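The values are calculated or read from the model by the stated rules, or taken from the named source; none is laboratory data. None of the values given here were measured: they were computed from a predicted structure. Here the Cβ positions follow ideal geometry from the backbone for every residue, glycine too, while neighbour counts run over all protein chains shown. These area figures cover heavy atoms from the full protein model, side chains too; ligands, DNA and RNA do not enter into them. Shrake-Rupley method; radii C 1.70, N 1.55, O 1.52, S 1.80 Å.
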Amino acid sequence: MTEQSRRNFLKTSTVGAVALTTTAGPGLESAFAQTMPRKSNIELKADEISKRLFADDGLAIPIATKPTVSNLAKGLDRTMVLGGGGEYYIAWYCGFFHGLMEAGLDMTRLPEMVVGTSAGSYMGSSLLSGEFARLRAEFDFFGKFPEIFSKMAPVATPNISQMRADKVNMSATDGSIETRRIIGAAALAADNKLNSTNIEKLAALLTGDSKKDWPASRMHTTGVDCYTGERIVVSQKTARKNNIPLAHGAAASSSLPGVAGPTLLGQRYVMDGGICSNPAHVDLVAGSKRALIITLTNGVAGAILTTIPHPISQNIKDVEATGTKVKWIVAGTPPGVNLLDPKQIEGALRTGYDRAKAEALKIKEFWA
C-alpha cells in the first residue's frame, strides 16, 4: 500500500468537522432521512424484500437516536466498550490489557458484557475467549509478539476498486443509513483478495481457530450491513443461530472499505462497524450500572479511518442519560501516526502498556 493511499485513510475533512458541530445531537439519522428524496418504486420494493427475508436472523439492531435503555445491557452491572482504530489500536489494546493484568485487573472476568468494534472487536474477543492469556504466556510480549503481529497486517498496494472504496468512504459527511449503503456498495465492489489471507490469520491468532463456535457469551461484535446500511450486532445467541465463528465476527467488524472484506456473516456481507455516527456503539450498554468506554479519539481530534462525523461525546451523554455511570478513556495517537502501518505496532504496544499503569487504579476504583 503506497504512503499516499495510507494517508487517504487517515485524513479528516473540514466538511466532516463542521458537520460534527452541527449534527451531534440525538435524532440525527431520523432528521437527515426526512430531507432525503422520495425512493423509487424498485427501491421501496427492494427494502421490503430485504426486511422480509432477513427478519428472523436477529442480527440487525437499529442505532438509537435518542437516550434509551438497551435490551442487551438492562440489569447488568459492569460493561465495557472498545472502539476501533486499525492495527495501531489493536497493538495499543494488547499493551494496555497486558498492563492491566499485571496490575491485578483480570479483564477476562470483570465485564459482564463487552461491545467491540473493529480493533475493539479483536481485543474483546481475544480477552473473553482466553486467547489473549495464551498469547501473553507463550510469547515474549515486547519481543516476538510485535514481529508476529506485523507480518499479518494488510500491506498490499491498493488496486483501483480498493481506491474507489477508500475515496467514497473518505468523502462521507454524515452517518445516515443512506450514506452507509453507498459506502457499502463500494466496499462490496472492491477486490480485497490480496489482504484476505492475512486478515484471516490475524483473526485466528487473536480469537482462536476461525472455525470455532462463539465461546465468549459476553462478547458482542458490531458491523454495518453493506446492502441495507443497518447496524449489525453479533452475540453468542445470534452467532449460533447464523453459524458465525467468533473470528468471523471480529473480522467483519474490522472490514474497512477498500482494505479488507466485506465479511459474510450468516447471509449478510458486513463492513467495519466504525462506518457510522456511533462508531463505538456505546448505546448498546445504555442502562447498565457502570460502563468502561475506551476509544482511540474523542471524535474531534486525531486520526480516524472515515470522514463520517463521530460525535462520541454526545453518544456517551446519551448513555449517561439512561442512568449509566461512565468512565471514558481516550487512548489518543501521536501526531502524524499511520493507523494502518505495521511499523507502528511496537511503539503502540509500549504506549498502551504505559497508559495501563496510569489507569489501573482508577479502573479498580470505578469497578470496585
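The table for this structure:
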quantity	calculated
Solvent-accessible area of Asp354 with every protein chain in place, 1.4 Å probe, in Å² to the nearest 10	100 Å²
Size of segment 32-186 as Cα extents on the principal axes (Å, biggest first)	59, 47, 28
Sum of -39500 (n - 2.57) over DSSP H runs of 4+, divided by residues of the chain (222 nm, nearest 500)	-13500 deg cm²/dmol
Sorted peptide list for 315-321, 112-118, criterion being average Cβ within 10 angstrom, highest first	112-118, 315-321
Estimated distance in nm for a label pair at Arg181 and Lys45, the labels positioned 7 Å out from Cα along Cα-to-Cβ	1.5 nm
Integer Hz, Karplus 6.51/-1.76/1.60 couplings in order for segment 224-235, x for Gly and Pro	10, 5, 5, 7, 9, x, 6, 6, 10, 10, 10, 10
Cα coordinate range in the chain, projected on the principal axes (Å, largest first)	59, 47, 41
Chymotrypsin sites (Phe, Trp or Tyr not before Pro) within segment 107-149: DSSP coil, no more than 14 neighbouring Cβ in 10 Å	Phe142
Residues with amide H under 5 Å from that of Ile63, placed H, sequence gap 5 or more	Arg231
In Hz, Karplus ³J(HN,Hα) per residue of segment 343-350 (6.51, -1.76, 1.60; θ = phi - 60°; x = Gly, Pro)	5, 7, 4, 4, x, 5, 4, 5
Shape of segment 285-368, Cα gyration tensor, a/c cut at 1.5	oblate
Whole-angstrom gap from segment 65-106 to segment 271-324, using each part's C-alpha centre	12 Å
Mean Cβ neighbour count within 10 Å, used as a protection proxy, ranking 280-288, 71-79, 339-347 highest first	280-288, 339-347, 71-79
Cβ-derived FRET efficiency at R0 51 Å, Asp56 paired with Lys343, nearest 0.05	0.65
Residue-wise HN-Hα coupling along segment 317-325, computed from phi with Karplus coefficients 6.51, -1.76, 1.60 (Hz; x: Gly, Pro)	4, 5, 5, 5, 5, 8, x, 7, 7
Distant-in-sequence amide H partners of Tyr269 (H built 1.01 Å from N, under 5 Å)	Cys226, Tyr227
